[in-house]
1. Here are B:Glu34, B:Glu100, B:Glu109: which of them is of a type in the set (D, E, K, R), buried (at least 17 other Cβ atoms within 10 Å of the Cβ) and either touching a Gly at 6+ places or on another chain (Cβ under 9 Å) or over 22 Å from B:Phe503 (Cα atoms) (or both)?
2. When you go through B:Asp405, B:Asp386 one by one, which is the residue that is on the phi < 0 side of the Ramachandran plot, surrounded by fewer than 22 Cβ atoms within 10 Å (Cβ to Cβ) and part of a helix (DSSP H, G or I)?
3. Please determine, by comparing only the residues of region A:114-142 that are open to solvent by 60 Å² or more (accessible area, probe 1.4 Å) and under 15 Å from the mean Cα position of the chain (by Cα), which one is nearest to A:Leu216 (Cα to Cα).
4. Look at region B:248-281 and say how many of its residues are assigned to a helix (DSSP H, G or I) and either under 25 Å from B:Met327 (Cβ atoms) or open to solvent by less than 50 Å² (accessible area, probe 1.4 Å) (or both).
5. Regarding region A:48-71, can at least one residue be identified that is in a loop (DSSP other than H, G, I, E, B), hydroxyl-bearing (Ser, Thr, Tyr) and more than 14 Å from chain B (Cβ to nearest Cβ)?
6. If I filter region B:422-461 down to residues being outside any helix (DSSP H, G or I) and under 23 Å from B:Ser546 (Cβ atoms), which single residue comes out as most open to solvent (accessible area, probe 1.4 Å)?
7. Output the qualifying pairs, or none if there are none: Cβ atoms under 6 angstrom, residues six or more apart or on different chains, first residue in region B:496-525 and within 20 Å of B:Arg580 (Cα to Cα), second residue of a type in the set (S, T, N, Q) and in a loop (DSSP other than H, G, I, E, B).
8. Go through region B:15-44 and give me each residue that's within 25 Å of B:Arg91 (Cβ to Cβ), among the polar types (S, T, N, Q) and more than 8 Å from every other protein chain (Cβ to nearest Cβ).
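The values are calculated or read from the model by the stated rules, or taken from the named source; none is laboratory data. No experiment lies behind these values; they were computed from the predicted model shown. Heads up, the Cβs are rebuilt from the backbone with ideal geometry, glycines too, and the neighbour counts pull from every protein chain shown. We work out accessible area using only protein heavy atoms, side chains counted, and drop any ligands, DNA or RNA first. Shrake-Rupley method; radii C 1.70, N 1.55, O 1.52, S 1.80 Å.
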Amino acid sequence: MRTLRQASPRDAPSWPEYFEQRAAACRSPLLSRYFSSGTAAPTTPVGDVEMVALDLETTGLDPRRHAVVSVGAVPFTLDRIRLAERCYWVVQPTRPLSSKSVTLHRITHSEIAEAPDLERILPELFEVMAGRLVVVHFRHIERPFLDGAVKERLGEGIRFPVIDTMSLEARRHRLSLWARFRRWLRRPPVSIRLHDSRLRYGLPAYQGHHALLDALATAELLQAQIATHYRLETPVGELWS
Amino acid sequence: MDVELLEIRQHMAQFPPFDSLSDDLLDEVAGQVEVGYYKAGTDILTLDQEVHDLCYIRSGAVEVYRRNGDLYNRLGEGDIFGQFSLLRNHRARFPAAALEDTLIYFIPEPVFRRLCESDVHFADFVELGRPRLEAAVEDQKKANDMMITRVRKLLTRYPVMVEATTTVQETARQISEAQASAALVLDAGGENPRYSFTDSEERLWQMCGILTDSDFRTRVVAEGLPPDTPVGRLVGKPPITIQSDESVHEAMLTMLRNNIHHLPVLHRRRPVGIVHLSDIIRYETHSSLYLVSNIYNQASPAGLAKLAPDVRAAFVRMVEEGANSQMVGSALSTIGRSFTRRLLELAEQELGPPPVPYCFMVNGSMARNEQSIVTDQDNALVLSDDFDPERHDAYFLALAQRVSDGLHACGYTYCKGEVMATNPKWRQPLAVWRGYFRDWIEDPTPERLLHSSIFFDLDSAYGEEAYVEQLQDQVARQAAKSPLFLAAMARNALNRTPPLGFFRTFVMEKNGKQNNSINLKRRGTAPMVDLIRVHALACGSSAQNSFDRLDDIGNTQLLAPGVGEKLRYALEFLAMSRIRHQMIDIQQEREPDNNIEPENVSDNERHNLKDAFQALSNAQKFLKYRYPLPSRSARSR
């Protein structure tokens, strides 16, 4: 239950309990609807879970100073990633866009000028997230940014369990005995960035930094991680945080 | 296009059959794929599992097996599988497993169906209608030189042009002088801009008609017109013309459509020549014909040897212009026969007339009219039965020696197996040859036939053709009646087998082994020719060319319907592939050989070669079953 404790450090209701409470307490009908779609029990085998790979491209790493530029989401299961159901939005950042992040995300200023505010895409975003377990690479972006953005617009925040493919890599390459041994030898740590992690599983090199492509890349990485290190029967409670 | 799917789309666009899809269709596919990851060693399709997608390998490698567990194919990045199951009963016919960690793009069936309906290439590739190999060969045929060669290439001289006031007699004189067969009739000035042009001296002319050889007969002589009639009076309307950058094919169609034999060729509006129907007909074989006439003009073996580079040049030109394997094979055989004949003529000039009649026999690929640019000489002498070794053999040995040495100097190297007229065993009177063939056919063993099967492709190149015709007839008559002979020939035809296909930069063998190159003659064309020969002998055919033999076989019930066609396409593709790679060798100034290296094989060629190997392999299996070695009791009877 270590992972669960990380997720909700204080009084630790389980994720399904948290969703139930929020569904009842939320004033925003949008949020209430999202939470009432529920989430998987921690004991559910990962092979049986409907998931959605989510990627936000942002103007920086700090949710208080930076803003969301684009959102990509791809529904999938361990069997199939369903590109036909993909979602992708460019949104109007509430904070100015530096030219560096423009080149990084391959999004132009004119694209952004025509883009809607994030609030306008929330109904669709919640719909694709509803009932699906969110999968991200590096959870410290998607969850806090989304929480902050939703709080700004609806007055209430949002939390949800995520499987973080980066922390699954970290378990292997940063926390294991072997990784500590490497560290002791002062070898550089193995990179657990999305691109480098994919290469370890023989996955093709995609040109990163596009929200939808990164979401697809993350979904593929999870399929590979489960196929390599876990089983279809592995309970999601052991994977999420 | 959504930029985010470029990654998928661009990958697919590199590989057949997606490389030929329109952008719109490609976008549709990229937006609909489903993705799945398979760890090395895990199953992707299990036998009889329901299949609802076409599988595309994005990365990794996949092995496909037959029902009995034999390896069917090893596939890599950009390859597809599962199409046969989709097109048939939606059950996996062949199971597939990941050989390496593999990422698969699944293309859902509705998308697959749309691709089949909207793109002919795609449908052909997945063999919705006709087999892929057939489509490939037919497409090659369509891409023939006539489609790509521009009509201006046929022009040899400027047209004869006369003013409308010129008399018919003067016009006829000018046509004769230019050794032409038509003249263009011009008016000074140009009221009609469509037909007007300026000549090199900036004078304005207008084309008002064409007068051909046959017009002189029908419009002048038959009408009894006087010789001083101005030609202007004979022509009615401006002629049908063609632009110089149109294809030869288009020129031919224009002639057929309008039922005309002369077609003025224009550069913009200025006439630059007149093509005649015969120019087009002569065109395809022109360069090899020229070479042949040059061969007959040589006065010495040394002169002939100097033509060897021309043979390669003619070969390259033919291939570049899209000739098929039969055109190349028969042109090269004609050239080879011409060298042989000329050498014999020169030898007879030197040695005097032969003491008894003889026929110079050619064997192997030259006899089949399937010669390639890499070839040795296989020949023999069939002498009159009046031959007396004591008195005559010195002459024929000298004759054979001159031909053999001369051919070697021309690039037809000595036969390693000594199948040459210089070998006394193969320099014998007709009666002895009859005995040879009788023994081979009536008392065969695979071992004995191994070295003599080359004689079962036989043709005369010079001299008393009747001798070799008699031998051909004898073979056709006797072979079909000897199951033992056919069985022995069939056994030998199975000595060389095709590989399974290609995987990345390797040739895949059936046992999973990988090699760096493949001898396409040993592993493709030769075993194919061998097995066609066995069937041809079994049905009493006296044809020598493999395609002619397939025609004869097709007139019998020997092969199941459609099998003969499959073999024809497979042989054509194998032969063409070998020819193409030899052409590449020559162009890159390497010595041409029969090897092809997988890295030089395009994706499409890989798929087609794989199909051809498969057809050959199936045909070999049938051969074994069709011509079993008779049991001992049957043999003694």
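1. Values: B:Glu100 fails: buried (at least 17 other Cβ atoms within 10 Å of the Cβ); B:Glu109 fails: buried (at least 17 other Cβ atoms within 10 Å of the Cβ).
Just a single option satisfies the conditions, and that option is B:Glu34.
2. Numbers: B:Asp386 fails: part of a helix (DSSP H, G or I).
Residue meeting the stated conditions: B:Asp405.
3. A:Phe138
4. From region B:248-281, those assigned to a helix (DSSP H, G or I) are B:248-258, B:277-281; that's our starting set.
Pick out the ones that are also either under 25 Å from B:Met327 (Cβ atoms) or open to solvent by less than 50 Å² (accessible area, probe 1.4 Å) (or both) and you get B:248-256, B:277-281.
The qualifying residues number 14.
5. Step one: of region A:48-71, the residues in a loop (DSSP other than H, G, I, E, B) are A:49-50, A:59-67.
In the following step, the residues that additionally are hydroxyl-bearing (Ser, Thr, Tyr) were identified as A:59.
Now narrow it down to the ones that are more than 14 Å from chain B (Cβ to nearest Cβ): A:59.
Yes, because at least one residue in region A:48-71 is in a loop (DSSP other than H, G, I, E, B), hydroxyl-bearing (Ser, Thr, Tyr) and more than 14 Å from chain B (Cβ to nearest Cβ).
6. Here is the first cut: in region B:422-461, the ones outside any helix (DSSP H, G or I) are B:422-423, B:427-429, B:443-445, B:451-452, B:457-461.
So of that shortlist, the ones also under 23 Å from B:Ser546 (Cβ atoms) come out as B:444, B:451-452, B:457-461.
Numbers: B:Pro444: 12, B:His451: 142, B:Ser452: 4, B:Asp457: 1, B:Leu458: 2, B:Asp459: 39, B:Ser460: 17, B:Ala461: 9 Å².
Applying the filter and picking the extreme gives B:His451.
7. B:Asn519/B:Asn594; B:Leu520/B:Asn594; B:Lys521/B:Asn594
8. none
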